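The structure appears right after this line, and notes come after that.
The values are calculated or read from the model by the stated rules, or taken from the named source; none is laboratory data. Source: prediction; values computed, not measured. With ideal geometry, Cβ positions are generated from the backbone for all residues, glycine too; neighbour counts draw on all protein chains shown.
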Amino acid sequence: MDDAVSNQRSICPICGGEGWYAYTGSDLLMGLPGQFSYDTCCHCGAAYQVPMPSLEQITSFYPDEYAPYKTSKVKVRNPIEQSVLRACYGYQHLNGGAPNWLGSIAGLFAYRDLVPYIAQGRMLDVGCGGGKFLRSMQTLGWQAQGVEFNPSAVATCRAAGLEVSQGELSDANLPDNHFDLITARHVIEHIADPQPLLAEIFRLLKPGGLMLLRTPNSEALGRRWFGTNWYADDIPRHLILFSGQNLTLLAEQHGFKRQAIKRFSSIKVFLNSWDYHVGNKPQSSKKSRWHRLLARLYIWLATITGRGDELFVIFQKPKAG
């Protein structure tokens, strides 16, 4: 790294604080050429790409074969998950599954990434990709629609009968105070300036409405272990990496109140990180029993230390009055 670059300060897109060079990495997932540098904010700890790429450059990071753009089957919920949805999240209209008492117990340990039900609730998924999550939410009783930037993914959604707008969220011209729930799942880390996104989500939510954000956790144990080989870094597509603290700071700047924060890890993130680290082809380790055992140990360590790979955070727009 050029000393002139490493000694140059930057301005944090989250808090406006001063940032300094932290690391440089390459695209391990899709093999795009080049090296990409990141700074870390001395105030809030956010990590962000410097220089921040242009919209044209960002678009080039996502070919049409990018996995989230593809259609896929909606998973069938097993009896335990159905009972958790009823007992812990208010989906009383769901039939079948295990008894509610079992769901109350299971919900303490599993299926903790679900959202409370609102009868006839309107929800919007920002960056909906091929529409798998929208279809899943429809099966739970939500009136679901989406926004997606990639035209190929939008075509996939519309072919499945989904109501999806193409472009940025601000391009959709949606009405004020319209949605009960807005989700942005693994989206905010792909946006160069998240401030307008949060402002627009706040405008669109009803008073008392919920915003769900899912994003990699910059304080994850795996990031400490694997460095730039951490699968969730996803250089260069992830432009900003958040912690629970600076993500909350960002949301509070726009009037939100944090309702819940959880941290999760997965076998996939650990095994893919391991493959990057040792030079294997991605997903090679998933066939190894001892690698999967090591991954489960990692998940246990990340869980008890509160340093899981993914942040799951629910914010609320304050109720009127």
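Quick look at the values:
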read-out	value
Identity of the residue in segment 279-316, of a type in the set (Val, Ile, Thr) and surrounded by 14 or more Cβ atoms within 10 Å (Cβ to Cβ), that ends up nearest to the chain's Cα centre (by Cα)	VAL313
Segment 26-37, residues that are closer than 16 Å to TYR231 by Cα and in contact (Cβ under 8 Å) with a residue 12 or more places away in the chain	SER26, ASP27, LEU28, LEU29, MET30, LEU32, PHE36
Residues within segment 251-273 that are free of Cβ contacts under 8 Å to residues at least 40 places away in the same chain and either within 16 Å of ASP234 (Cα to Cα) or in a strand (DSSP E or B) (or both), tallied	2
Every pair of residues 6+ apart whose Cβ atoms lie under 9 Å, when the first sits in segment 285-305 and is in a helix (DSSP H, G or I) while the second is surrounded by fewer than 11 Cβ atoms within 10 Å (Cβ to Cβ)	SER285/VAL278
Test: residue in segment 18-29 that is in contact with a Leu (Cβ under 8 Å, 6 or more places away or on another chain), under 30 Å from GLY279 (Cβ atoms) and in a strand (DSSP E or B)	no
All positions within segment 95-113 that are buried (at least 17 other Cβ atoms within 10 Å of the Cβ), hydrophobic (A, V, I, L, M, F, W, C) and assigned to a loop (DSSP other than H, G, I, E, B)	ALA98
Selection within segment 156-185 - of a type outside the set (S, T, N, Q), under 19 Å from LEU212 (Cα atoms) and in contact (Cβ under 8 Å) with a residue 60 or more places away in the chain	ASP180, LEU181, ARG185
Candidates LEU181, LEU174, LEU124, filtered to the one that is out of contact with any Ser or Thr (no Cβ under 9 Å at 6 or more places or on another chain) and either modelled with pLDDT of 95 or more or assigned to a strand (DSSP E or B) (or both)	LEU181
